[in-house]
1. If a paramagnetic tag sat 7 Å from the Cα of B:Glu75 along the Cα-Cβ line, which residues of region B:33-63 would have the backbone N under 12 Å from that point?
2. In nm, to one decimal, how far is the C:Thr11 label point from the B:Lys52 one, both placed 7 Å along Cα→Cβ?
3. Using protein chains only and a probe of 1.4 angstrom, how many square angstrom of A:Tyr151 are accessible, to the nearest 10?
4. Between chains C and B, what is the buried accessible area in Å², counting both sides, with a 1.4 Å probe and ligands, DNA and RNA left out, to the nearest 100?
5. Go through region C:207-235 and flag every residue whose accessible area shrinks by 50 Å² or more with all protein chains in place compared to the isolated chain (probe 1.4 Å).
6. Restricting the count to DSSP beta bridges whose residues both fall in the protein assembly as shown, what percent are antiparallel, rounded to a multiple of 5?
7. Leaving ligands and nucleic acids out of the surface, order B:Trp49, C:Trp10 by accessible area at 1.4 Å, largest first.
8. Just to verify a number: what accessible area does B:Leu95 come out at with the full protein assembly present, 1.4 Å probe, Å² rounded to tens?
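The values are calculated or read from the model by the stated rules, or taken from the named source; none is laboratory data. Keep in mind that what you see is a predicted model, and the values were worked out from it rather than measured. Neighbour counts are summed over all protein chains in view; Cβ atoms, including those assigned to glycine, are modelled from backbone coordinates with ideal geometry. The protein model used for the area step is the full one, side chains on, heavy atoms only, and it has no ligands, DNA or RNA in it. Shrake-Rupley method; radii C 1.70, N 1.55, O 1.52, S 1.80 Å.
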Amino acid sequence: MKNFVFRLMMVAAAWGLAVSVPAQQNVPGAVSGVIRVERACVKTGGAKSYKDVVVHLKPLTPGLYPPPAEHAVMDQQGLVFIPHVMAVQKGTTVDFLNSDHDRHNVYFLYDDTGDTLDIGTWGPGQKVSHIFDKTGLVITLCQLHLEMAAYILVLEYPFFRVGEIDAETLSATYEIRGVPAGNYVLEAWHKKLKMKGGAVEVSVAAGETTRMDITITRAKYAK
Amino acid sequence: MKEKWAVICVLFVLLAVPLMVFYYQGIYRPSRYNVKVITITGVGSRGTWTLKTVNGLNYWWESFAPATIHLRLDEAVVFRFLSADVFHQFYVPELGIGPVNVDPGYVREVRFKATKAGIFHYYCTSMCGGCHFYMQGWIVITPPGEKPAEPRPISCSLCLPAFERPSEAEAVALGEYLYQSMGCVTCHGLEGRGGVHNYNYIKGTVPAHRRTAAKIFLTDEEDRQAFLELIRNRADLVNPEEPTDISRYRLVMSRFEAAVELIENGKNAVPLDLAGPEPPLQMPAWKHKLNHRQIYAIMAYFISLFPTEDDGLTEG
Amino acid sequence: MLSVRNVTRWTAAIFIVLASAAIFSLVPDSGQAGEAVRRFDIKANQYAYDPSRIVVNRGDEVHIRLASRDVVHGFFMEGHDMDAFIYPGRLLFNLRRTSLDAAYVPVEELVFRAERSGKYRYRCSVTCGTLHPFMQGEMIVEPNYPYRAGMGASIGILLAGLLLMFTDSREPPLPGRGRLDLIRAVPALGWLLRRRWFQFAFMLPGMAFLLLFIIAGFWGSPIGNRNIVITFVWILWWFLLITVLLPFGSRIWCMACPFPFFGEWIQRKRLISVRADARTMWKKFRKWPAQLSNIWLQNLLFLGLCTISAVLVTRPVTTAAVLLGLVLVATAIAAVYRHRTFCNFLCPVSGFLSLYSMVAVVEVRPRDAAACRDCRSKSCMAGGEAGWGCPWTLNPGRLERNNYCGMCMECVKACPNDNMTLNLRPFCADVDIKGTDEAWKALIMVSVALVYSVTLLGTWGTVKSWANISEVGDWAGFLIYAGIIWIGSLAVFPGIWALACGLGRHLAGSPRIAVKTLFRRYAYLLVPLGLTAWVAFSVPLMMVNWSYIQATASDPMGWGWNLLGTADLAWKPLWPEYMVYVQLPMLLIGLVFSLMRGYAIACSLWRNRRSAILSLLPPAVVCTAIVMSFVTLFAG
């Protein structure tokens, strides 16, 4: 009898362990770190600043990640796109608002193909939505106000964060949460600066935060 | 007997006519106002608002200095606006005076009480000739007990003898010439550096033009040179064969055409505060004064202003 | 003479005129009575519109977009109840309906239907600079019936005139003989004319106005249409002079003119009474040289003023300076030379007053020529107790023409036999051109009327810029403009006239009469014609600018006064779309009188009526051509 109960407990423990181990495997990790700016001065104030850095992860084993149902929002106010830099997952709908005092136009320039797309001109209080279904950098312009520009980075996977470079420390911090365990390639995108050394490989363990500090610098020093 | 009366009549007329005219104008009429009267005359041919009396004789030869109007805080005055030649519009957005339509031959009276102290900018906001853009000046309101400030009068510098109009082939030089002689420089700044304050404009200052090349995606020096060559050599830029040496050519052209259209059709300055006064500096429509070649030349000038050492990091 | 023959002749003549007008109006027809949509982009600049002339068909829907190249301009379309306000540098312009007196509304384009045919001018309605009152363009709505009828009627009048001349059975007609003695007919008038203070009563207010004008010109506003010196001299006085005073009062202006006021006072040392030594005092004064005792100086001075007319009639200071200058010259001349030497030989106004006074319906003449022959004292000429000797150095007892009589009425007062009187008479009763200088004056006046109609009432901005020398500074253009005036008036037109007279003499086949005689005598044909052309030129000035007179009456100096409450009146022309219906009849009436009087002159030169008519034919054709030119300018 004692033998049977012991064996039952072992089976239960083994079963429980077998179940919990994969569950533990599904606890997402995170990647965080500091982005340092090297050998460059960066203007962090004003409408078209250089303070935004997008850090994103691309998994080495491809998977299916459905886009969020929630719409992203890009507003126009004071003849400026707000925010200046935005990152969205492919398939996200972005609402373009007009909270300004004038009519605005939104016009995309797809950086990789050079194609353009005009999604219309509308007045204050109105909005137009657009689904971004191709990855890449989309430069957003307004034909009525030529000085307006914004950058939308359309990414395949939902692992990204937009960090802001601080003027004093010339660095930004980032943390990308909800990353399933696995191996990734980490890349940083900036309007002008390049990641020193190129993209890096990062391993994410379940439930743990991997630290990866990166440096961005001018293109000629970025090799 | 009758002869004597006749002589008296003649002498009476000779004296009475001028006396009555000048008495009525100089003494009687001002006495009917119980406040100070300031007469401001717009002289389009000189591009100034002046406090001097403009009459049939001095209009033709006198150079009228731009008026700096000095008032004391809490002073109530009556402004009388006159025009010496064409239609002008007097506007002081910061004080809420105007825009006053000054129709030639009619006198417009505006009552004003100086409730805030400072130096305020007045403008002419109806294009009135070559000197229009310089037709600006200062109203200085001084609190009691202080010495009035003396801001430098704004005077027109367009009729300089050194101005010689370049030929159309030198697009950039012609553009620079037009930029100055048409008055663009008064609002957009010397060499396109901007910085001119536009009251209640959503961006605060009139747009600069040094980075216009970037706005039309000609950030690359080679692209810029190739595009300038295009402007110089092509009679018009409509439907040209696509050149191979300018990257993103179609985008550049669409942005270029948007810029040209803005210059041709003008634009209302977007106000910062919708309930506030309209910004005094508005982009006029130039399509009736400049032809396509001239507008392309001005765009060529803007493109040439892009600083070549700029790597885009320190300038917004 | 109401015989059957005469009634038939005149009926035929009238029929020819009407038929000719009708034929020209109806044939050729331009084709479609359109219902098309026509679009125009009209740009305004100082001082013309581009395009300056647009032609549409009746019934067309017209769309007009307006823009300005330099300053704020207006756009007033005659007869179409619309007035626009164009800001430079903006794509929209402001429009309002004048009849509603409503506020201006920003629009993109004017839209209207061209309902009535004719010529409609579009004018600038916002003071935009010196030549603003003359800034205009024209819209022709085809078929342009008034123009065509006018052209047809001109030719019809020529043909009808020839018919009447050829079928005329009477003795060579003399110009209207009837005279009405006004002093006898209206005793109150006689009483007035005999007062010593008669002339002074008119000259004193004239002098007061002159002083006011000079002050206004120098110290008043530089804007012409807001300054009394421009509006009252070049609109009101000019219009009254040409349209009323000259035809109905002869040289009555000279009676009231203030220019010689101070000079005459210095000479006579009296304003009203007559000096005891009135007969002998003139020895102290010189006589004007004989070679200059003609109107040549005045011809040249007049041409000189015409050359700078665009500057003169728009700048208050220029008019005031010219007025002041003329006063000073008149005074200086009077201090040295006797009587009204300035008026006779130097005053530019006097030149054309002398010529056109021949048309007038009043005259100062002796009642009984015999009484004058027997008169010993000749007080009318030399002076007497009751009146000064004629200041115009005429012999009133032998006065046959109005030309140099200044209507001062001194002779009426001085004559011991009460033999001088004021008569009412038919139009164009004086037909005798006595001097070549007068003949050339007739030619000059017609040429200048044409030049003014083209420059000031025309739509060509280039010509206005040429004439507007002190503002535009285009010396090459100004020299062309001046050249056209001087060469046209002194060489081209007299050349054409001489050729016509030469041809006429050839057709008449009589070498006994010199071409020079014909040139001089037939120049009278240009007198009624010239006067009506000037009236037709002056009428639009008044109809369009009438409101300026009202405004400047309240605010003479342009300083912001409002004496009579009319200073703020907006510019409002008086039915300018009907202007053509005043101008064309005037021109045609002038042509009728020219031909009638020309016929009388011709018959006085030739015994054979047929020769007379043939000699008249080429000059008559030239006159008809001149009328047709004016019809084209005003209505076409």
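1. What the label zone holds, given the 12 Å backbone N cut-off, is B:36-39.
2. Between C:Thr11 and B:Lys52, the simple spin-label model gives 7.6 nm.
3. 40 Å²
4. Details: alone 26390 and 18110 Å², together 40430 Å².
Buried surface at the C/B interface: approximately 4100 Å².
5. At a threshold of 50 Å² (probe 1.4 Å), the residues of region C:207-235 that become less exposed are C:Leu211, C:Ile215, C:Phe218, C:Pro222, C:Ile223, C:Arg226.
6. Working: 107 of 148 bridges.
Given both bridge residues lie in the protein assembly as shown, the antiparallel proportion sits at roughly 70 percent.
7. Details: B:Trp49 5, C:Trp10 130 Å².
Per-residue accessible area, sorted high to low, gives C:Trp10, B:Trp49.
8. 30 Å²
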